[in-house]
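What follows is a single structure, written as structure tokens, with notes after it.
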Amino acid sequence: MVKLSLFGMLRRSLVHRRARSISALVAMTVSAGVATALLTLYADLDAKLHKEFRSFGANVVLTAPASTPLRANALARVQEAAGPDALAAEFAYAVATTDTGTPVVVAGTDFAAVRRLDSWWQVETWPDATASDAALLGQRAAQFVGNEHRVALTFAGHSITLNGAGRLKTGSDEDSRIYMPLAAFIAWTGVGPTVIELQVPGGAAKVEATMARLRQDFPEMQVQPVRQLVEGESKIVDRTHALMYGAVLLIALTVAVSVLATLSASVLERRRDFALMKALGGSQMQLMGMFLLEALVLALAGVAVGFVVGSAAAWAISEGNFHTATRPRPSVLPLVLLLNVAIAAMAALFPARVLRGLQPAALLKGE
């Protein structure tokens, strides 16, 4: 009978004080929604950020000793040491002369590998990977040739004419170079590859571990990180983690204050009701239980709605920023539920203390 009475009073409280109930429910929904969105994004954050950084190109550079080309199987060995997810491309360099008499750096490489490794390059048209006479001209290097479509070059008395496929723009050294297929470059100049650019997926720790392994396997080569990329990735990931933690904490505190104000006002409005219940024999535990149950019901309702809203928000944020959808994660639901219940319990502590201090006789007399 007492149990039915408690739930009956709870229902009447939520229905007849609809405005305050809705206010608390909205606050709980916001808390659950934000927590769900951030925790869902956090679960995929590292993978998505590392994927974004992969588009910025190599984060490790291996260089052969001076005047010494790489071994014939160097690229395959580096790829094996770095792991199947790593991207690598080798480069050979020479200074040739254009048909206008201007010196220019010519690089031989595998266009297919570079296209995967350096997807951030702004290229008008990538050369056909099977074409042996294709050329990709840097934005500045294009100004050094007489005809961009028929690129005439000379190196050590040997001439070659390449078919210009398009221009390349990076805002860096690549703009001053002309790229051509590696096999044709070696046949023309006799110069073998001396540099391997490597993209190691993962955070700074994984990059450092891979570099240590490469130094051990290739002691004759210089293995250097692209500091700006490795350190920048690590800082951005760490700061993003801190930002997400801070956002969840700030939202939780804000919601706790909002719910505290709502529940406190509810207690003050219903002092006479609680006093009457006490006078009729209601125990202190029953009163506090009903009040805490009210807060718990609002918390659970907020989680139910907030999980749906938060999952939708996480999907929209992921799609808009990373161009990949993030699916709802039921695994974050226990954490969201725990957070909302904790907020409700903390917000109900002060009003519960007010209930303990109620004096039925004084309140019923109007004092």
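The values are calculated or read from the model by the stated rules, or taken from the named source; none is laboratory data. All values derive from a computational prediction rather than experimental measurement. Note that each Cβ is placed from the backbone with ideal geometry, even for glycine, and that neighbours are counted across all protein chains shown.
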Point to revise | Those residues of region 309-342 which are β-branched (Val, Ile, Thr) and more than 12 Å from residue 40 (Cβ to Cβ), in sequence order | key: 324, 341
Review point. Do you know which residues across region 117-128 are hydrophobic (A, V, I, L, M, F, W, C) and either surrounded by 13 or more Cβ atoms within 10 Å (Cβ to Cβ) or not assigned by TED's automatic domain parsing to the domain that holds residue 165 (or both)?
Key: 117, 121, 123, 126
Review point. Does region 35-56 include one or more residues that are in a loop (DSSP other than H, G, I, E, B), modelled with pLDDT under 85 and surrounded by 14 or more Cβ atoms within 10 Å (Cβ to Cβ)?
Key: yes
Revision key, fill the gap. Of (1) under 22 Å from residue 95 (Cβ atoms); (2) among the small types (Gly, Ala, Ser); (3) in contact (Cβ under 8 Å) with a residue 12 or more places away in the chain, residue 187 satisfies every one except (3)
Check your understanding: Name the residues in region 269-295 that are touching a helix residue (DSSP H, G or I) at 6+ places or on another chain (Cβ under 8 Å), at pLDDT below 65 and either among the aliphatic types (A, V, I, L, M) or not assigned by TED's automatic domain parsing to the domain that holds residue 31 (or both), would you?
Key -> 275, 276, 277, 279
Revision key, fill the gap. Being farther than 19 Å from residue 189 by Cα, in the same structural domain as residue 158 (by TED's automatic domain parsing) and touching a Leu at 6+ places or on another chain (Cβ under 7 Å) narrows 96, 76, 81 down to just 81
Exercise for review: Looking only at region 161-180, count how many residues are over 30 Å from the mean Cα position of the chain (by Cα), in a strand (DSSP E or B) and not charged (D, E, K, R).
Suggested key: 9
Point to revise | Positions within region 126-142 being under 33 Å from the mean Cα position of the chain (by Cα), within 20 Å of residue 185 (Cα to Cα) and assigned to a loop (DSSP other than H, G, I, E, B), in sequence order | key: 126, 127, 129
Practice item. Assess whether residue 186 counts as being part of a strand (DSSP E or B), surrounded by 14 or more Cβ atoms within 10 Å (Cβ to Cβ) and out of contact with any His (no Cβ under 9 Å at 6 or more places or on another chain). Key: no
Exercise for review: Quick one: in region 143-159, of everything that is free of Cβ contacts under 8 Å to residues at least 40 places away in the same chain and either in contact with a Leu (Cβ under 6 Å, 6 or more places away or on another chain) or not hydroxyl-bearing (Ser, Thr, Tyr) (or both), which residue is nearest to residue 102 (Cα to Cα)?
Suggested key: 143
Review point. Which one of these is at pLDDT 90 or above and hydroxyl-bearing (Ser, Thr, Tyr): 154, 130?
Key: 154
